[in-house]
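Okay, structure first, notes after.
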2 protein chains.
Amino acid sequence: MPTSRTTVRRLPQRGHYDRETIVAILDEGLVCHVGFAVDGQPFVIPTLYARRGERLYVHGSAVSRMLKTLAGGVPVCVTVTLLDGLVLARSMFNHSMNYRSVVVLGTATPVEGAEKVEALETIAEHVAPGRWKEARAPNETELKATLVLSLSLDEASAKVRTGPPVDDDEDYALPYWAGVLPLALAAGAPVPDPRLPAGTSVPPSVRAWRRPRNG
Amino acid sequence: MPTSRTTVRRLPQRGHYDRETIVAILDEGLVCHVGFAVDGQPFVIPTLYARRGERLYVHGSAVSRMLKTLAGGVPVCVTVTLLDGLVLARSMFNHSMNYRSVVVLGTATPVEGAEKVEALETIAEHVAPGRWKEARAPNETELKATLVLSLSLDEASAKVRTGPPVDDDEDYALPYWAGVLPLALAAGAPVPDPRLPAGTSVPPSVRAWRRPRNG
């Protein structure tokens, strides 16, 4: 449900509040931008994340200033943005971008115990599906050195622009090309670690990686 | 110069403060994430931007809440993130991402007069080089409906991770594949506007679009 803080005000037709739209964007993204304030100064920091059920997880070093600040219960904003294309209109004014973004507001809480390991697995599987079983699981020391935070999706909204440019009526006669240049994140050829034994086969998490997963 | 607010604290070897590194990242990115607080709640909003000299420009509707808030002189953080690859280690703990990000702190100021049009041209040319001359320039009404803000790069820092995973010594004997899966933004085939006359040729800004420009 939109709250007064998550209602899209500018171009309200771009606002979406249904779970399906929000979840699809969160599940396709890789990096979120986490916003928080320290002494009145906002900071915006990129980090990996994952969604599970109605929660977002982020993780990092237990001594990270960002995570320690968030764990203190300050208000946070987590934004995920997928850039889908450049919208090129006949007028400069009507240029735009096609994108899908989600904004989540709330306060984060530390995750402990069994849920902590599950959250780390969720993040690994979100970033590279299948990877959790292809690497050594975290040991106790590593778990202690890792802080995992959880944020509810209760206060979330999406903003989406799709489709061709929209020009002013009188501009359609102008001789300029108009349309959309689609953009997407693409994977290149995997680069093996220099210390990897020759002939180590590329695993499914790497070989089959793509975004969106079924796109 | 790094200030106490822009000094990279975690993994300080990833911090960079030289102009060349910061400018290269800003000039390659397309979308920035703008962080600001309203009544103590941070918001993080994606938007297009461009750099010119020692300033960043963002623009949007003159009635945008974000831009009006920023124009009021509140502290802002603008972050640009380039995701270069997934870093897949032998241990889950040492998984990471290769990325280049810039964080700019400061306060934004409205841009007027000749600099306003120049800033809009800078943004257009940043997003799609060559586009400014391929579309109708903004008229007076459109300029009035557009707010352009400028932010100094005085307080900026970059954070960069490159290269292969770094595993614990004892993990190098594990039989897991390790390496980097490179990621980059890629353009698809241009999609002409449905109302475009047949045979309108695709212009250089679209045909030759790539990021990084000389990559």
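Rule-based calculations on the coordinates, nothing more; no lab input. Source: prediction; values computed, not measured. We place every Cβ from the backbone using ideal geometry, glycine too, and count neighbours over all the protein chains shown.
Taking B:Leu120, B:Leu185, B:Leu149 as the candidate residues, the one with maximal mean-square fluctuation in a Gaussian network model of chain B, Cα springs under 10 Å, is B:Leu185. Distance from the Cα centroid of the stretch A:158-196 to that of the stretch A:46-71 is 30 Å (rounded to whole angstrom). Where does the Debye-calculated log10 I(q)/I(0) of the stretch B:39-162 sit at q = 0.15 Å⁻¹, using only Cα point scatterers of equal weight, no solvent? Computed log10 I(q)/I(0) values: -0.78. Within the protein assembly as shown, the ratio Rg/Rh, alpha carbon atoms throughout and Rh by Kirkwood, equals 0.96. Take each residue in B:188-199, count the other chain C-beta atoms within 10 Å of its C-beta, and the mean is 6. Remark: label point of A:Asp169 defined 7 Å out from Cα along the Cα-Cβ vector; separations to the same position in other copies 7.7 nm, ascending.
Between B:Asp84, B:Asp39, B:Asp154, where does the largest GNM mean-square fluctuation fall for chain B, given springs only between Cα atoms within less than 10 Å? Checking each option, the largest mean-square fluctuation is seen for B:Asp39. Across the copies of the chain, B:Ser152 has label points (7 Å from Cα along Cα→Cβ) spaced 4.2 nm apart, shortest distance listed first.
Taking every residue in A:172-178, how many Cβ atoms of other protein chains lie within 10 Å of its Cβ, on average? Write down the numbers at each step before the final one.
Working: counts 4, 1, 2, 3, 9, 15, 10.
Across the residues of A:172-178, the mean count of other-chain Cβ atoms within 10 Å is 6.
Considering only B:Leu70, B:Leu147, B:Leu183, the Gaussian network model of chain B with Cα springs below 10 Å gives its largest mean-square fluctuation to B:Leu183.
Per-residue shielding of B:204-213, expressed as the average number of other chain Cβ atoms within 10 Å of the residue Cβ, stands at 2. Each other copy holds its own label point for A:Pro197; taking that point as 7 Å from Cα along Cα to Cβ, the gaps run 6.7 nm, nearest first. The Cβ shell under 13 Å around A:Arg207 holds other residues with a net charge of +1, Lys and Arg each +1, Asp and Glu each -1.
Mind checking Rg over Rh on chain B, alpha carbons, Kirkwood formula for Rh?
Numbers: Rg = 20.3 Å, Rh = 19.6 Å.
Result: Rg/Rh = 1.04.
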